[in-house]
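Here is the structure we will look at, set down as structure tokens.
The values are calculated or read from the model by the stated rules, or taken from the named source; none is laboratory data. Quick caveat: nothing in here was measured; it's all calculated off a predicted structure. A quick note on method: Cβ atoms are made from the backbone with ideal geometry, for glycine too, and the neighbour counts reach across all protein chains shown.
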Amino acid sequence: MLKMKKNLITLLTVAAMLSSTSAVFADTIPATEIVPAQDIMNKPAEPDTPFEDIIQGDVMLISERVNVISPSYISNSVTVTEVTDEKISTTTDEKDAENPEKTINYTVSDNTIVLGYAKGDVKEIKNIKKGDKITVYSNAYAPAPLILPPQYQADVIFVQDNLEISSLRFADVDTYVKGEDEMFVNLSNTLALNLADDTEIVDREGKKVDAKELDKKDLAVIYTSSTKSIPAQTTPVKVVVLGENEMALKALESANTEATPAPEATPEVTPEVTDAPVDYTTVQNITVGETVITNVYKENDTLMVPLREIAEKLGFTVEWDGELKAVMINSGMYSLKIGENAYGKGKMMPQPLKAAPVIKDDDLTYVPVEYFTELLESNDSIVLNYENAE
């Protein structure tokens, strides 16, 4: 909530979430039927939905998880155009492979794991060649440089090594958590693992892993079909344990901490807060922590504020790239480019705000105040001070 000395106004946070799997299915399929994964709509349950087993249309809601979190990995299905020891260049459009706007470069390292879709067998990067169709998963919490074409780290690569078999295989890479029903569900609540006695579970080196060790681990999952439910249930062909994801676990812990139990009695109905515009006309200055910041100014329908001064007071690190005229916050977790109204957060789609970042007043970078309240989610730390406030 954005606090003000005179008035208390709530700004709604716009959250962007990229999901690695989504599809649409026909309403005529029974809820218990096994259907191909590409025919499943992985729609998370609404937070206010009672989480007993219920049926909505043909979809069975089975998850008891209330806090749906962004997946720990994002994925792209691409075609390889070039392979070197340190990088794999790809295109999202084979017919327009020379177009740099369709290019995605991936850096590879000793930690990059390559799996075949057909059997889930571990391969080497040198086995990947030009023309191969691959799906690359990148850690959503890892910083990405603000360059074009975009460049991400390749954490897990699935190769279509046998097209006839690969077309019947599907994959997911995410952090999985054990539920009360003993199944492991990914953070985005789209897939639940119903492990069989013969399910192959191994670590990066191919050593067998006990199913009891999968809780709160990053898993690479290969499967063939899944139930029409939320989340979809599947008995995987193979599970590869990648290890723990510290940032994902922190996000999970934070979500669990913020969760509020359902009240026993029916609460008084509170009018819904609308996304009313904030009036900055009489804002004199802002307070961050115990510091009053006066070098702010109004522009259009927003308030422009000094980026570095506020970010550092909130505990963020700020780096300037003179060549790109870009700012990296927390080693690239957040990024922006001067003059471009596209604010980056992790590997999510850049988000526009009410104004582009600008440089003024002795080379100070200014951004809309919404940058802090929406993208950096520091609402509670910023107070708007109005003229003649009592």
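Inspection of segment 122-137 identifies at least one residue that is within 19 Å of the chain's Cα centre (by Cα) and not hydrophobic (A, V, I, L, M, F, W, C). Looking at GLU290, GLU299, GLU309, GLU323, just one residue is assigned by TED's automatic domain parsing to the domain that holds MET348 and modelled with pLDDT of 90 or more, and that residue is GLU309.
Surrounded by fewer than 17 Cβ atoms within 10 Å (Cβ to Cβ) and outside any loop (DSSP other than H, G, I, E, B) - does that describe any residue in segment 116-125?
Let us first name the residues in segment 116-125 that are surrounded by fewer than 17 Cβ atoms within 10 Å (Cβ to Cβ), namely 119, 121-124.
Going one step further and asking which of them are outside any loop (DSSP other than H, G, I, E, B), we end up with 122-123.
Yes, segment 116-125 contains a residue that is surrounded by fewer than 17 Cβ atoms within 10 Å (Cβ to Cβ) and outside any loop (DSSP other than H, G, I, E, B).
Give the residues of segment 307-354 that are farther than 19 Å from GLU377 by Cβ and either of a type in the set (A, V, I, L, M) or not in a loop (DSSP other than H, G, I, E, B) (or both), sorted by residue number. GLU319, TRP320, ASP321, LEU324, ALA326, LYS337, ILE338 - these are the residues of segment 307-354 that are farther than 19 Å from GLU377 by Cβ and either of a type in the set (A, V, I, L, M) or not in a loop (DSSP other than H, G, I, E, B) (or both).
Restricting to segment 73-110, what's the tally of residues that are in a strand (DSSP E or B) and either among the polar types (S, T, N, Q) or in contact with a helix residue (DSSP H, G or I) (Cβ under 7 Å, 6 or more places away or on another chain) (or both)? Spell out the reasoning first.
To start, the set of residues in segment 73-110 that are in a strand (DSSP E or B) comprises 73-83, 87-91, 103-107.
If we keep only those that are either among the polar types (S, T, N, Q) or in contact with a helix residue (DSSP H, G or I) (Cβ under 7 Å, 6 or more places away or on another chain) (or both) too, we end up with 75-77, 79, 81, 89-91, 103, 105, 107.
Count: 11.
Against the conditions (1) in contact with a strand residue (DSSP E or B) (Cβ under 6 Å, 6 or more places away or on another chain); (2) assigned to a strand (DSSP E or B); (3) surrounded by 15 or more Cβ atoms within 10 Å (Cβ to Cβ), VAL278 satisfies every one except (2). The selection criterion, being more than 22 Å from ILE222 (Cα to Cα) and either surrounded by 13 or more Cβ atoms within 10 Å (Cβ to Cβ) or more than 25 Å from the chain's Cα centre (by Cα) (or both), holds for PRO143.
Among the candidates VAL202, VAL177, the residue that is in the same structural domain as ILE74 (by TED's automatic domain parsing), more than 25 Å from the chain's Cα centre (by Cα) and in a strand (DSSP E or B) is uniquely VAL202.
Among the residues of segment 171-188 satisfying the criterion of being at pLDDT 90 or above and not aliphatic (A, V, I, L, M), which is nearest to TYR223 (Cα to Cα)? The qualifying residue nearest to TYR223 (Cα to Cα) is ASP172. Scanning segment 88-104 for residues that are surrounded by fewer than 17 Cβ atoms within 10 Å (Cβ to Cβ) and in contact (Cβ under 8 Å) with a residue 24 or more places away in the chain yields PRO100, GLU101. Against the list (1) closer than 25 Å to SER72 by Cβ; (2) out of contact with any helix residue (DSSP H, G or I) (no Cβ under 8 Å at 6 or more places or on another chain), the condition SER378 fails is (2).
How many residues are of a type outside the set (Asp, Glu) and part of a helix (DSSP H, G or I) if we restrict to segment 205-233?
So the first thing to find is which residues in segment 205-233 are of a type outside the set (Asp, Glu), and the list is 206-209, 211-212, 214, 216-217, 219-233.
Imposing the further condition that a residue be part of a helix (DSSP H, G or I) reduces the set to 211-212.
Selection size over segment 205-233: 2.
Candidates are the residues of segment 355-367 that are outside any loop (DSSP other than H, G, I, E, B) and either within 23 Å of the chain's Cα centre (by Cα) or aliphatic (A, V, I, L, M) (or both); the one that is nearest to GLU309 (Cα to Cα) is LEU364. ALA196 meets each of the listed conditions (1) surrounded by 13 or more Cβ atoms within 10 Å (Cβ to Cβ); (2) at pLDDT 90 or above; (3) not assigned by TED's automatic domain parsing to the domain that holds ILE359 apart from (1).
Kindly indicate whether LYS212 is surrounded by fewer than 16 Cβ atoms within 10 Å (Cβ to Cβ), assigned by TED's automatic domain parsing to the domain that holds SER75, more than 21 Å from the chain's Cα centre (by Cα) and at pLDDT 95 or above. Lay out the reasoning, then the answer.
Details: surrounded by fewer than 16 Cβ atoms within 10 Å (Cβ to Cβ): yes; assigned by TED's automatic domain parsing to the domain that holds SER75: yes; more than 21 Å from the chain's Cα centre (by Cα): yes; at pLDDT 95 or above: no.
Against the criterion (surrounded by fewer than 16 Cβ atoms within 10 Å (Cβ to Cβ), assigned by TED's automatic domain parsing to the domain that holds SER75, more than 21 Å from the chain's Cα centre (by Cα) and at pLDDT 95 or above), LYS212 does not qualify.
A quick yes/no check of all residues on (1) without any contact (Cβ under 8 Å) to a residue 12 or more places away in the chain; (2) surrounded by fewer than 20 Cβ atoms within 10 Å (Cβ to Cβ):
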position	(1), (2)
ILE310	no, no
LYS313	no, yes
THR317	no, yes
GLU323	yes, yes
SER335	no, no
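Of the residues that sit in segment 185-194 and are under 16 Å from PHE170 (Cα atoms) and in a loop (DSSP other than H, G, I, E, B), which one is nearest to the chain's Cα centre (by Cα)? It comes out as THR190.
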